[in-house]
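Scroll down for the structure; my scribbles are underneath it.
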Amino acid sequence: MIDRRLVALLAIGFALLGTAAPLPKHKGPPIISIVINGETLPIDPPPRFEGNVLMVPVRRTIEALGLDFERAGPRVITHVGAKTVVLTVDSRSAQIDGSTVELDAAPTEDQDVLYAPLRFFTAVLGAQAHYDSRAHAVTIAASLVGRSGEGVVSNGDHVERSGTVTAVDLNSNPPTVTLAYNASVKTIPITQNALVDIQDVDAHVSMPGELSDVRPGDFARIVMHRNGNVDEVIDAYGSHSGQIAAVDATEFLFDDGHVIKPGRIAQISINGTPATITDVRVGDRATVRYNVETNEVREVLVSRTVTGSPPPAAPGAPAISSVQIDATRPLRAGETFTVTVRGTPGGSASFDLGPYQQGIVLVERDAGVYIARYTVTRGANYSDVPIIGHLRKNGLDAAPVQAAQTVSAASSPPGIVDFAPDDGSVVNTSKPSIYATFASDAVDVNPDSISLSINGRDVTSEVVRTAQSVEYMPSYTYPNGRMHVMVRVSDRAGNTTTKSWTFDIKAR
């Protein structure tokens, strides 16, 4: 079993020693931000560590989730749908309709602010939550709040139905999406003009998609008129990528401290071949996709570099002499790269894009030279994926050969997780410290791409830039008045996002 204390120490170590620039005007451990359903809350009061347990302010978080907050002495009462939830100060036992859920630590109160462990929001309120030690941010997603036992919310002439996607039928007319929520299962026809929005809650990005991008295991909300016409399909999922640092029979540890425990329903593959967790090795790269409401891991895609020379071909069997690709940097959706396999002529050749796509056909252009041009699909997010060539002739298969290079791709731009000063806030200093922090998916942020402008003036030459943050500490005095800030950032594939906000200076 992976030692949980080691994981906690790793998380704290990353928080204290991470590469992100220190937050302005703050000494000690970095200030932790809260992101609720993609929206960053004001920084005061922030979450904090008490020992190895991350404690989150209760009232502001509950109210940001759209729940009621009632205080009765040491007890806090709120309602999630038809369920009553009771949290008691200094007690590790929370109550859900009379049933007890044990927390990692007892809620505590400091200067009239009540704090509860992060587990309260996952195990008790049914939200999906995690702490990103690199971005110093707690992300909480809870689309189920306020829904009926069938996952339905009525709003005027619209109805919103939500649940876990169990099936997507693109061949029916019209196509359908099946949602399961508790014991309720509903198949919904998707009308032709319905919008599809794909959301990655970890990268804090949302992008237009197609129904084919909606995956079984994701959590979806479908907004429709009462006559059944669908306006929008909102598909949300969580993902995490990295290199595996430790593994045992039931779980594995990423090198950034995240522990992943795939359950019975999780599908695991290694370079496209079905596998189990016992097949996973230290040093493999993996991308995990999970349901943002249940927190269940649904898919683990493992990429493994094949080392060594292929075994000698059997007499009469075909052989591959080399596999090459021309990708020299991470790619974004719509860009292409060429795969060239050289080997025995007159056969049929194909290649695998790691665990993501198998059996992509190559065409023999010259004797023994097989070529294919591959276009990165929308929704692709992967890092250092191996390209593996295959060749078959006369019913015999050559030993697979892997290209020396790997491929990385990203479809969505980096997310801007946190920034300061807050939008619409007022500061009392004429030299305000300004910063923003970033989150990316499979492809890292390119620090050289980061730009910052203040009131239309580019101050990038005066900032500190890393792959996790940008920080600007003015060397001169700004006058009182409105300040306009714009941050622009790209990942190494060229996906770009911008963020603009304003605040006011009222210095004495």
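At a glance:
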read-out	value
Residues 269, 469, 93, 383, sorted so that the one with the fewest Cβ neighbours within 10 Å comes first	93, 269, 383, 469
Euclidean distance between Cα centres, the stretch 366-418 to the stretch 257-304, Å	20
Mean ellipticity per residue at 222 nm, deg cm²/dmol - from DSSP H runs of n ≥ 4 across the chain, formula -39500 (n - 2.57)	-1000 deg cm²/dmol
Ranking of 337, 438, 69 by count of other Cβ atoms within 10 Å, fewest first	69, 337, 438
Eligible aspartates and glutamates near residue 431 by straight Cα distance, threshold 14 Å, same-chain separation 8 or greater	462, 471, 504
Dipole magnitude of the chain about its Cα centre (Cβ charges: Lys, Arg +1; Asp, Glu -1), debye to nearest 20	540
Eligible aspartates and glutamates near residue 506 by straight Cα distance, threshold 17 Å, same-chain separation 8 or greater	422, 423
Three-way shape call for the chain based on the alpha-carbon gyration tensor, with the a/c threshold at 1.5	prolate
Relative exposure of 370, 131, judged by other C-beta atoms within 10 Å (fewest first)	131, 370
Fraction of beta bridges assigned by DSSP in the chain that are antiparallel (%, nearest 5)	90
Farthest toward positive dipole pole in the stretch 300-381 [+1 Lys/Arg, -1 Asp/Glu at C-beta], among 376, 323, 346	376
Of 56, 74, 419, farthest towards positive along the dipole that unit charges on Lys, Arg, Asp, Glu beta carbons give the chain	419
Under 13 Å from the Cα of residue 393 - aspartates and glutamates, other chains or at least 8 residues apart	364
Student exercise, the stretch 320-409 dipole from Lys, Arg, Asp, Glu Cβ charges, in Debye to nearest 20	120
Per-residue ³J(HN,Hα) for the stretch 476-488, Karplus 6.51 cos²θ - 1.76 cosθ + 1.60, θ = phi - 60°, Hz, x for Gly and Pro	9, 8, 9, x, 4, x, 6, 10, 9, 10, 9, 10, 10
C-alpha center-to-center spacing [the stretch 77-136, the stretch 451-469] in angstrom	38
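Coordinate-derived values only; no laboratory data. Since the model is a prediction, treat every value here as computed from it, not as a measurement. As a convention, Cβ positions derive from the backbone with ideal geometry for all residues, glycine included, and neighbour counts pool all protein chains shown.
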